[in-house]
Structures are given as structure tokens and as C-alpha cells.
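Read the structure below first, then the notes.
The values are calculated or read from the model by the stated rules, or taken from the named source; none is laboratory data. Predicted, not measured: the structure shown is a model, and the values here were computed from it. FYI the Cβ positions are ideal-geometry reconstructions off the backbone, even for glycines, and counts take in every protein chain you see. Heavy atoms of the whole protein, side chains included, go into the accessibility calculation; ligands, DNA and RNA do not. Shrake-Rupley method; radii C 1.70, N 1.55, O 1.52, S 1.80 Å.
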Amino acid sequence: MNIDIRSIPHIEFTRFGGSTIDVEVMQAASVVLVGTGGGRLVAELLARSALGNIVIIDPDTVDGTRNPLTQGHAWSEHGEPKAQTTARACWSINHTIEVKALEMTWEEACASEEKIIASANFLAACTDSYAVNRAVRRFGLAHGIDVVEGWIYPDGDACEHVTTFPEVAAAGCGCGTCHLWMRHRAYEQGFQNPRDIPAYAIPSAYSSVQTAQIIIARLHQRAGSTLPIVRLAEQFQHRPAQITRLNPNFWAAPGEPFGDTPDEFGTFMTRAYGKDWPADWECPDCQGGRHVKIGGAPKF
Ligand SMILES: [Zn+2]
């Protein structure tokens, strides 16, 4: 099937209706997406939400025998760079988006494209590597840029979202490293992820929807919007971490997260968390807020 794309009319954003999301806010914004596994759907949702500019960083190629089962990639894209296929998907959805695909690691991207990354409004860390997500977090703190990371628990029982907002960290209310302090210590002591964690597409998609929503909300807040979506960003200023339970029995023991949740609220229950680190915690990244750049990000 061949379609002459010149015959397709331009996309319009009237469906947003003026009360959901603001086209001007989205078109003025740029997001750097690090990792296009779960991040593929994040990118597509942002493209559908009128995002103006996206930089996609991923060194991998699509494995058509495995990736379609857990990520947004397709069997027919086998062997192609994930950054390229994701860029193509974004543009196919919304021709007004500017897309830059960087087929390289986060480290390489920082070395060769630091200016571009540092001028973004938002960094989305969508990898399954604690080290890479932490490096993105640290970059955000150093440059005054907002960061969100999405994590999926083994077997897809829950997904977790942690934000690093510079002004929140500067106020001593923690960065992503603070909120993930227990995991941070475990990795410091040599913990390694199991090689193959059972997974399927639904938890990843569910998590990606939340990641995209948090980004959109925060972009609106930074731009001074008064739309209701801003309240989501405000919630993350007070409680920067949240867990959403996809398996109703997950962690249901008394005293554990969700242990006191009534049965009728069992499905897709989300809990938000604020400061919960121990008194002796010394954050190596935000250092209690003493070394955080703020005011670098808003460029609307
Ligand atoms: Zn911290």
C-alpha cells in the first residue's frame, strides 16, 4: 500500500479542547528520552500530545524475536536501531514534532551532544539500568532539569515512578537517589539484576502511560499553566515517589505498602511517598540539597 503523504492534511490539535493540555506549552517543550524499551510508548504518547521536540537516546537495535513481547517495538523492525524506529514512529504519528535520534549510550550522548541535552526541559530515564538512570538523575541535578524514571517490579506486580525535581531536591526533600536509597545501597554493595526477569507488555505500557502523564503535567507547571493537569505535578513536588499495584495481592502483608488497603480499592491502587529515608542517609547526589542547580530548566 503506497500513500502519498503530501495528500494527507495537516494534523490539528483541536481535540484537546482547551481544558486538557495546552498545545503551545507542548510545542515549545523538548524532552530527552533515555532508553526506548518501555520508552517507545512514552515517546509515542508525547508525540500524540503535541510535543515540539524529542531527543531519543538508545544504543541498541530491535530484537524482533523478543522485544515485541515487552516493549513497543515491532517484529518487522528487527535489526533496526531502536532510536531510529522510535523517531520514525513519533514523526509518523505527528509530523510537527522535531526528532533527533542518537544511536549511542547515555555516556556517549553526554560526551558528544551535551549542549542539546542540557537545553532540554525534561529528562525521561526509561532504562532498566540503575547506573544509567542514576547518571541521568545526576545530570538533571547539575543542570536544573526535571527527571522522571519509571521502574517495573519483577513479574509486573507493580510499577514505580520517581521524580527528581531540582527545586524539591534543593529544599532538602530528596532526589531520586534519596527516594531509592535502599536500592541505591544494594547496588553499591554489588547487587545485580537477574539476567532475565519475567515480564509482559501490559505493565510496561501501564508504566509508560504514567511516565508520559507526569512529564506533560510538569511541563505545564513549569510553563505557568493553570490547567487541572498541573495538580499532578504539584503532587510530585510533595511526594516524589509513587508505586502502582497491578497485582491486587502484591505486598499485601500487614505493615507493607498496600497492606492496609481495603479490598474494594485493590486494583490499580497507587500510593505516593515522600521522605522516607533513614536519619543516617547521606545522599551522594543531591547532598541534602546543597549542590543542586535550580532555575536552569524553564525555557518557555
Ligand atoms: Zn538525593
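Worth a mention:
- Karplus 3J(HN,Hα) series, Hz, for segment 52-60 with 6.51 cos²θ - 1.76 cosθ + 1.60 (x for Gly, Pro): x, 8, 9, 10, 10, 10, 6, x, 8
- Sparsely packed loop sites in segment 162-222 (the chymotrypsin sites (Phe, Trp or Tyr not before Pro) outside DSSP H, G, I, E and B with at most 12 other Cβ atoms within 10 Å) comprise 191, 200.
- Cα-only Debye scattering, segment 178-248: base-10 log of I(q)/I(0) at q = 0.13, 0.18, 0.24 Å⁻¹: -0.58, -0.93, -1.10
- Summed residue charge, Cβ within 13 Å of residue 92's Cβ, Lys/Arg positive, Asp/Glu negative: +1
- For the chain, the solvent-accessible area with a 1.4 angstrom probe is 50 square angstrom per residue.
- Stokes-Einstein translational diffusion, segment 18-289 - Kirkwood Rh over all Cα pairs, 1.567 mPa s, 4 °C, in µm²/s: 68 µm²/s
- Long-range amide H partners of residue 98 with built H, under 5 Å: 53, 54
- At q = 0.13, 0.15, 0.19, 0.21 Å⁻¹, base-10 log of I(q)/I(0) for segment 159-286 (Debye sum, equal scatterers on each alpha carbon): -0.66, -0.88, -1.28, -1.38
- Taking all protein chains together, 145, 5 sort by accessible area into 5, 145, largest first [probe 1.4 Å].
- Relative packing of 118-129, 6-17, which averages over residues the other C-beta atoms within 10 Å, highest first: 118-129, 6-17
- Top of 215, 57, 116 by mean-square fluctuation, Gaussian network on the chain, Cα under 10 Å: 116
- Alpha carbon centroid spacing (whole Å) that separates segment 117-172 from segment 2-38: 23 Å
- Dipole of segment 18-289, positive direction: furthest Cα of 190, 230, 279, with charges on the beta-carbon: 230
- Most mobile of 194, 284, 81 in a GNM of the chain (Cα contacts under 10 Å): 194
- Beta bridge orientation in segment 75-163: antiparallel %, DSSP, nearest 5: 55 percent
- Under-5 Å amide H pairs with residue 61, H placed in peptide plane, nonlocal only: 82
- Apolar share of the accessible surface for segment 18-289: 51 percent from carbon plus sulfur atoms, 1.4 Å probe.
- Taking the C-alpha atoms of segment 84-185, convex hull volume expressed per residue in Å³: 132 Å³
- Of all DSSP beta bridges in the chain, antiparallel share, percent nearest 5: 45 percent
- Electrostatic dipole magnitude of the chain [Cβ: Lys, Arg +1; Asp, Glu -1; Cα centre; debye, to 20]: 580 debye
- Residue among 223, 47, 29 with the largest mean-square fluctuation in a Gaussian network model of the chain, springs linking Cα atoms under 10 Å: 223
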